[in-house]
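To start, the structure under review is shown below, and the notes come after it.
The values are calculated or read from the model by the stated rules, or taken from the named source; none is laboratory data. Just so it is clear, the model here is predicted, and its values are computed rather than measured. Cβ placement follows ideal geometry from the backbone for every residue including glycine, while neighbour counts extend to all protein chains displayed. Accessible surface areas use protein heavy atoms only, side chains included; no ligands, DNA or RNA. Shrake-Rupley method; radii C 1.70, N 1.55, O 1.52, S 1.80 Å.
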Amino acid sequence: MTTSSTPRIGILIGSTREGRFGDQPAQWIHGIASQRSDLAFELIDLRDHPLPFFDEPLSPAWVPVKNEAAQRWADKLATLDGLIVVAAEYNHGPTAVLKNAFDYAYKEFIRKPIGFVGYGGVGAARAVEPLRLIATELQMAPVRNAMHIGMVEIMGVWKQGKRFEDFPHLAQSATGLLDDMAWWAHALKTAREAA
């Protein structure tokens, strides 16, 4: 049972491409996460937050954004106590729309945990690592444990009729990620409220 003091974690689908794979791991991790009572979870789709390429006069670290879509995006982030990003790897990096979404907010990210579910070549490790650096600059706390879904698992689910449950190591990674998110979300929520 969740309460108003239960930290709210957004599970963000970080690709907007037609035919993306990201819906599947996002739904899967959301299903596992929703069985927990120590955190509350919400799926968030960047398709629901169409942002233009960043074109503000200054960073949101210094002045509020003027774009109305970006203001709605920041308002959504403000309701969260942490974020799990479902990140695709494109050309050894994260998607442009995901980086753009990070650029359009600042104070809404500060002192909140962030975790990653990466999918793609080498489990999207090359996309997740720069996202950790970006998150650190946004004063977030990237958690150590992550889920990395490689091409064997992707092709199994996408083309061979397998399910994520057919790969037990993914569930083990999910547990580590969610445990980390719970510890950090509670600790940082308490600290933010005390400040």
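Compute the signed sum of charges (Lys and Arg +1, Asp and Glu -1) over the other residues within less than 15 Å, Cβ to Cβ, of Phe109. Could you put the intermediate results ahead of the total?
On the way: positive: Arg8, Lys76, Lys99, Lys107, Arg111, Lys112, Arg132, Lys189, Arg192; negative: Asp75, Asp81, Asp103, Glu108, Glu137.
Every neighbour counted, the sum reads +4.
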Exercise for review: Residues in the stretch 39-64, backbone N under 19 Å from the label point at Glu18 (7 Å along the Cα-to-beta-carbon vector): list them, ranges by number please.
Suggested key: 46-51
Study note, to complete from the structure: The summed charge of the Gly120 Cβ neighbourhood (under 9 Å; Lys/Arg +1, Asp/Glu -1) stands at 0
Exercise for review: Among Gly156, Gly121, Gly176, determine the one that fluctuates most according to a GNM of the chain built with springs between C-alpha atoms less than 10 Å apart.
Suggested key: Gly156
Practice item. Would you mind computing, in nm to one decimal, how far apart the modelled labels at Glu129 and Val152 are, each placed 7 Å from Cα along Cα→Cβ? Key: 2.1
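How big is the dipole moment of the chain about its Cα centre under a simple scheme where the beta carbon of each Lys and Arg is +1, that of each Asp and Glu is -1, and everything else is neutral? Debye, nearest 20, please.
Values: 20 positive and 22 negative charges, 23 e Å.
Roughly 120 debye, rounded to the nearest 20.
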Review point. Given H placed on each backbone N at 1.01 Å, which residues far from His92 in sequence or on other chains put an amide H within less than 5 Å of it?
Key: none
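Considering every pair of different Cα atoms, what Kirkwood radius, in Å, is found for the stretch 1-104? Could the numbers behind the result be given before it?
Numbers: mean 1/r = 0.0676 Å⁻¹.
So the Kirkwood estimate lands at 14.8 Å.
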Revision key, fill the gap. For the stretch 89-195, the percent of accessible surface on carbon and sulfur atoms (probe 1.4 angstrom, ligands and nucleic acids excluded) is 57
Review point. DSSP loop trypsin sites (Lys or Arg not before Pro) in the stretch 137-180 with at most 12 other Cβ atoms within 10 Å of their Cβ, which ones?
Key: Arg144, Arg163
Point to revise | Dipole axis of the chain (+1 Lys, Arg; -1 Asp, Glu on Cβ), positive-most option in Leu138, Phe21, Pro60 | key: Leu138
Check your understanding: How much length is gained on full extension from Trp183 to Thr136, taking 0.36 nm per residue of separation minus their Cα-Cα distance?
Key -> 15.1 nm
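Gain in length, Lys107 to Gln27, computed as 0.36 nm per residue apart minus the alpha-carbon separation, to one decimal in nm? Before the final figure, lay out the partial values.
Values: separation 80, 0.36 × 80 = 28.80 nm, distance 2.77 nm.
Stretched out fully, the Lys107 to Gln27 stretch lengthens by 26.0 nm.
Compute the accessible area per residue over the stretch 1-103, keeping the other protein chains in place, probe 1.4 Å, unit Å².
Working: 5140 Å² over 103 residues.
With all protein chains present, the stretch 1-103 gives 50 Å² per residue.
Give, rounded to the nearest 20 debye, the magnitude of the charge dipole that the stretch 67-128 has about its Cα centre when Lys and Arg contribute +1 at Cβ and Asp and Glu contribute -1 at Cβ. Can you show the working numbers first?
Values: 7 positive and 6 negative charges, 25 e Å.
The dipole of the stretch 67-128 has a size of about 120 debye.
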Exercise for review: Eight or more residues apart or on different chains, and alpha-carbon atoms under 20 Å: count the Lys pairs in the chain matching that.
Suggested key: 11
